[in-house]
Amino acid sequence: MNNHILLELLEYKSWADQELMHCLCENQDRLEPEMLKKTVRLMNHIHVVDCIFAAHLTGQKQTFTSTNTDATPEPEALTWAMQETNQALLKNLQKLHESEALSRIHFQFTDGDPGCMNPTEMLLHVGVHSTYHRGQVSQMLKDAGIAPPRELLTRKLHAQEPERRKV
């Protein structure tokens, strides 16, 4: 199995999560308390869903009963937690053997409904899911007069490999 595209998606996700969390941390004093809480809760939702699927991928029992936590974490603590979980997801992909990539895993969603996905679908889900919610947070920042980071794959690639800009 060629994991290159999925690996690129998860690396991009990790980078984009960190970019947006850094922006939230740097601008938390510019946001109304309720708006800060909403943005952090959305980012925490991304993190909780990542944790849930990381547990499914490794066969561990996940302990969440919803897709967010009761308490809202501090932005700095959430930044570190997200980075750690993103690294775990990347490691999981790197260890994923071709014979396992499409094997179905049965699990239970937080609402109690049964689910069944293969590891490739689970990793694709966390990558796409996070993009959707980062877009929501970015729009909330724009509405508050704060420029969110430009979350573009092209920006990530050229920042990490400046030689790509050379003709």
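For the criterion of being in contact with a strand residue (DSSP E or B) (Cβ under 8 Å, 6 or more places away or on another chain) and in contact (Cβ under 8 Å) with a residue 60 or more places away in the chain, L57 passes.
Determine, yes or no, whether T131 is farther than 26 Å from D29 by Cβ, in contact (Cβ under 8 Å) with a residue 24 or more places away in the chain and either not in a helix (DSSP H, G or I) or not β-branched (V, I, T) (or both). Here the answer is no, as T131 does not meet what is asked.
The set of residues from the range 88-101 being touching a residue at least 24 places away in the same chain (Cβ under 8 Å) and assigned to a loop (DSSP other than H, G, I, E, B) comprises just one member, L96. Residues in the range 16-37 that are among the hydrophobic types (A, V, I, L, M, F, W, C), farther than 15 Å from H129 by Cα and within 10 Å of the chain's Cα centre (by Cα): 0 in all.
For T85, the conditions (1) part of a helix (DSSP H, G or I); (2) in contact with a His (Cβ under 7 Å, 6 or more places away or on another chain); (3) of a type in the set (S, T, N, Q); (4) in contact (Cβ under 8 Å) with a residue 40 or more places away in the chain all hold with the exception of (4). Only one entry of H4, H22 meets the criterion of being more than 16 Å from P148 (Cβ to Cβ) and either touching a residue at least 24 places away in the same chain (Cβ under 8 Å) or not polar (S, T, N, Q) (or both), and that entry is H4. Scanning the range 131-150 for residues being modelled with pLDDT under 95 and either in contact with a Ser or Thr (Cβ under 7 Å, 6 or more places away or on another chain) or of a type in the set (F, W, Y) (or both) gives a total of 1. Just to be sure, is D70 at pLDDT 95 or above and outside any helix (DSSP H, G or I)? When the stated conditions are applied, D70 passes them.
The values are calculated or read from the model by the stated rules, or taken from the named source; none is laboratory data. Model, not experiment: these values are computed from the prediction. Positions of Cβ are backbone-derived with ideal geometry, glycine not excepted, and every protein chain shown enters the neighbour counts.
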